[in-house]
Every structure is written in C-alpha cells, then in structure tokens.
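Written below as structure tokens is the structure these notes are about.
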Amino acid sequence: MPLKSKLSSVFDAQGVHGWCVGGLWSLLADLRGLIIFREFLRDAGENALSQAASGLFSASDPLPDELKEQIKTKLEEWHRAFSNAEFPATAATCDHALREIDTITIGSWRQRGKELRENFEYDSRDRCAWTFSRKAGEMYGTGFSDAIDAAFPSAKTEIHEGRRCYALNRHTACVFHMMRAAEHALRVTVKAVGVSSTAVPLEYQQWQNLIEQLESRIKPIDNWRQPSKANAQAFFSRIIADFYSFKDDIRNVTMHTRTGGTYDEPGALSVMNRVQECFERLATRIDENKSGNLLDPSLFA
C-alpha cells in the first residue's frame with residue numbers, strides 16, 4: 001500500500017494528523033523545495049505512527065518520547081525553513097508547537113495541523129516558489145566540503161553563491177562566482193609562498209601579476225633534494241596550470257563578454273568541477289588560517 005494511503009488509514013482511524021495527508025500533501029507535493037513535510041511523514045510515520053494503528057496509544061495520550069523527539073527535530077527544521085523563506089505565520093505556528101511539545105497530546109496535533117495548513121496557505125498568497133531537482137537542492141547554498149570551507153574562509157561565500165546560482169539555472173552567474181572563488185585561492189597561494197608586503201595590495205593586482213609572483217617564488221625548488229623536489233614541482237605545476245587556465249579560458253572570456261562567455265548547465269558544471277578539484281589539491285597543503293611558508297622541503301618530503 002502506498003505510504004499516503006497507509007498513513008491516511010492510520011490517521012482516519014485515530015482522528016489525528018489527517019491534515020497532513022489531505023490538501024497539504026498535494027499542495028506541498030508541488031513545492032519540491034519544501035519536501036520537509038513529506039520527509040517527516042516518511043521518517044516519523046513508518047515506525048512510531050504504526051503503533052497507533054496497533055492500538056498501543058490513543059489520541060488522548062501524550063506523545064511517546066520517541067515520536068516527540070522526531071517531531072521536535074522536524075519542527076525545528078520547519079521553523080528555520082519557514083523563517084528563512086519569510087513565511088511568518090507558519091514559522092510562528094511551528095514555534096508555538098515547539099513550546100508545547102512536552103505537554104501536547106496526540107489528538108491535539110489535529111488542531112495544530114489545521115493551524116499549520118491555514119497559515120501556510122495564508123503565507124503562500126504573497127510568495128512565489130521556485131522548484132528544482134533534489135540534486136540541485138542538495139547543491140543549493142552549500143560548499144564543496146566542510147574541509148574546504150574551513151581552509152579557505154575567504155572563498156566560502158563565493159563558492160556557496162556559485163553553487164546556489166547553478167541550482168537556480170543561473171549558469172553564467174555560477175561561473176562568475178567560481179572565478180571569484182578561484183581568485184581568493186590564488187591570493188592565498190601567493191601569500192603561502194611568502195609574498196606579503198607589496199607596493200600594490202594583492203587584492204588590487206591582476207591575475208597575471210599574481211601568477212608571475214608565484215612562479216618566481218617557487219624557483220628555489222629546483223635546488224631541493226628528492227623526493228621533496230619532485231613532489232613540490234608536481235604540486236605547483238598543476239596549480240599554476242589551473243590558474244592560467246582559469247584566467248585565460250574562463251575568467252577573461254566571461255568578464256569581458258567575449259564569445260564563449262555565456263554558459264549552459266554542462267559548461268557551468270564543468271567549470272565548477274574544475275574549481276573544486278583545484279581547491280581540493282590546494283587544501284592538501286594550504287590553510288589560510290595558518291601562518292608559515294609553504295616553501296619548506298619538509299612539507300613535501
């Protein structure tokens with residue numbers, strides 16, 4: 001039996017939660033960015049609510065501890081989601097439910113559910129919804145990884161914004177933010193090899209100048225002993241190749257509206273993947289939160 005039908009029979013029998021299975025289910029099914037309601041029915045409903053169908057508790061009973069914790073977690077998620085989405089009445093209802101979570105009975109959820117539905121529909125009158133795939137939703141507003149966010153805080157906002165743009169089908173904007181993120185990575189790398197005090201601050205220097213300073217600083221590696229020499233040369237040669245490619249093939253074309261500077265989804269995804277790979281390589285050696293010169297043979301031994 002489909003989950004919706006299964007839950008309907010349980011809720012109808014108990015006289016609780018019927019609001020979730022009716023109009024709200026259909027309403028939210030069309031808003032894939034708000035699938036948190038459906039996830040709750042799947043996660044909390046399969047086990048805990050099946051006990052209601054078995055007669056293990058009634059509508060007048062307090063919420064079982066296991067179900068209470070599940071509902072509390074979901075209400076907190078809903079409250080954050082609806083607050084961020086500027087659904088004030090719905091968010092307030094979630095907040096009210098959270099404050100009474102320790103005393104509310106199973107049956108009382110019917111009234112609370114009615115309020116959630118009505119307030120959601122009320123808030124929705126002044127809101128528009130953008131739907132996207134689950135895969136895009138997982139990318140929306142997230143970074144490449146927690147490790148990269150931590151190692152490159154200066155690039156975090158650009159990375160997150162770029163992935164948000166990709167999820168929203170703003171593919172050229174995605175590439176734009178990826179290049180801004182890569183520029184932060186370039187500056188961090190230049191600083192890591194000892195470039196600090198310059199006549200022109202690094203943030204005002206052109207990519208070419210930054211890359212040339214990086215190339216100049218790593219020349220002493222040629223005199224290192226093996227295996228540090230080979231490891232460092234392999235690392236920096238790939239990184240420098242990345243930055244030159246970003247500069248010539250992507251950044252300059254995109255920033256100056258040249259032919260080829262408008263991206264579709266595959267093109268933006270390719271750029272995003274290349275930038276991610278560059279950050280992953282850098283993160284094996286560089287952390288902008290830590291001081292010290294990267295040109296130390298022991299670091300590449």
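The values are calculated or read from the model by the stated rules, or taken from the named source; none is laboratory data. Worth saying up front: this structure is predicted, and the values here are computed from it rather than measured. When we count neighbours, we look across all protein chains shown, and the Cβ atoms used for this are built from the backbone with ideal geometry, even at glycine.
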Q: Kindly indicate whether any position in the stretch 190-197 is surrounded by fewer than 19 Cβ atoms within 10 Å (Cβ to Cβ), farther than 17 Å from V271 by Cα and either assigned by TED's automatic domain parsing to the domain that holds A89 or at pLDDT below 80 (or both).
A: yes
Q.
Just to be sure I understand the filter: pairs with C-beta atoms under 7 Å, separated by 6 or more residues or on different chains, first member in the stretch 101-116 and over 23 Å from A81 (Cα atoms), second member acidic (D, E). Which pairs pass?
A. T105/D61; I106/D61
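Residues checked against (1) free of Cβ contacts under 8 Å to residues at least 12 places away in the same chain; (2) surrounded by 24 or more Cβ atoms within 10 Å (Cβ to Cβ); (3) small (G, A, S); (4) under 13 Å from E288 (Cβ atoms):
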site: G143; (1), (2), (3), (4): no, no, yes, no
site: A150; (1), (2), (3), (4): no, no, yes, yes
site: T157; (1), (2), (3), (4): yes, no, no, no
site: R164; (1), (2), (3), (4): no, no, no, no
site: A173; (1), (2), (3), (4): yes, no, yes, no
site: F176; (1), (2), (3), (4): no, no, no, no
site: M179; (1), (2), (3), (4): no, no, no, no
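What's the total number of residues in the stretch 97-108 that are touching a Leu at 6+ places or on another chain (Cβ under 8 Å) and in a helix (DSSP H, G or I)?
We begin by selecting, within the stretch 97-108, every residue touching a Leu at 6+ places or on another chain (Cβ under 8 Å); these are 97-98, 101, 104-106.
Those left that are additionally in a helix (DSSP H, G or I): 97-98.
Number satisfying all stated conditions: 2.
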Q: Considering every residue within the stretch 221-233, establish whether at least one is crowded, with 20+ Cβ neighbours inside 10 Å and within 23 Å of E277 (Cα to Cα).
A: yes
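When the residues of the stretch 246-259 are filtered to those that are within 28 Å of the chain's Cα centre (by Cα) and without any contact (Cβ under 8 Å) to a residue 24 or more places away in the chain, which remaining residue is surrounded by the fewest Cβ atoms within 10 Å (Cβ to Cβ)? Walk me through it before giving the result.
First pass over the stretch 246-259, keeping only residues within 28 Å of the chain's Cα centre (by Cα): 246-247, 249-255.
If we keep only those that are without any contact (Cβ under 8 Å) to a residue 24 or more places away in the chain too, we end up with 249, 252-253.
Details: D249: 13, N252: 15, V253: 17.
Per the criteria, the residue is D249.
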Q: Can you tell me which residue within the stretch 281-298, out of those that are over 13 Å from V188 (Cβ atoms) and touching a Ser or Thr at 6+ places or on another chain (Cβ under 8 Å), is surrounded by the most Cβ atoms within 10 Å (Cβ to Cβ)?
A: P297
Q: Test S237 against the criterion of being in contact (Cβ under 8 Å) with a residue 40 or more places away in the chain, hydroxyl-bearing (S, T, Y) and surrounded by fewer than 17 Cβ atoms within 10 Å (Cβ to Cβ), and give yes or no.
A: no
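Does the stretch 188-207 contain at least one residue that is in a loop (DSSP other than H, G, I, E, B), of a type in the set (V, I, T) and in contact with a Lys or Arg (Cβ under 8 Å, 6 or more places away or on another chain)?
Filtering the stretch 188-207 for residues in a loop (DSSP other than H, G, I, E, B) gives 193-201, 205-206.
Pick out the ones that are also of a type in the set (V, I, T) and you get 193, 195, 198, 200.
Narrowing the set further to residues that are in contact with a Lys or Arg (Cβ under 8 Å, 6 or more places away or on another chain) leaves 193, 195.
There is at least one residue in the stretch 188-207 that is in a loop (DSSP other than H, G, I, E, B), of a type in the set (V, I, T) and in contact with a Lys or Arg (Cβ under 8 Å, 6 or more places away or on another chain).
Any idea how many residues of the stretch 244-301 are at negative phi and not in a helix (DSSP H, G or I)? Full working, then the answer.
If we filter the stretch 244-301 for residues that are at negative phi, which is where we start, we get 244-256, 258-259, 261-291, 293-301.
From what is left, the residues that are not in a helix (DSSP H, G or I) are 256, 258-259, 261-264, 284-291, 293-296, 301.
Qualifying residue count for the region: 20.
Checking the condition at pLDDT below 75, hydrophobic (A, V, I, L, M, F, W, C) and farther than 30 Å from A268 by Cβ, which residue from I101, I71, I106 passes? Show your work before the answer.
Working: I101 fails: at pLDDT below 75; I71 fails: at pLDDT below 75.
Among I101, I71, I106, only I106 is at pLDDT below 75, hydrophobic (A, V, I, L, M, F, W, C) and farther than 30 Å from A268 by Cβ.
Select from the stretch 60-88 the residues that are of a type in the set (D, E) and assigned to a loop (DSSP other than H, G, I, E, B) and list them in ascending order.
The initial filter retains those residues of the stretch 60-88 that are of a type in the set (D, E), namely 61, 65-66, 69, 76-77, 86.
Matches in the stretch 60-88: D61, E86.
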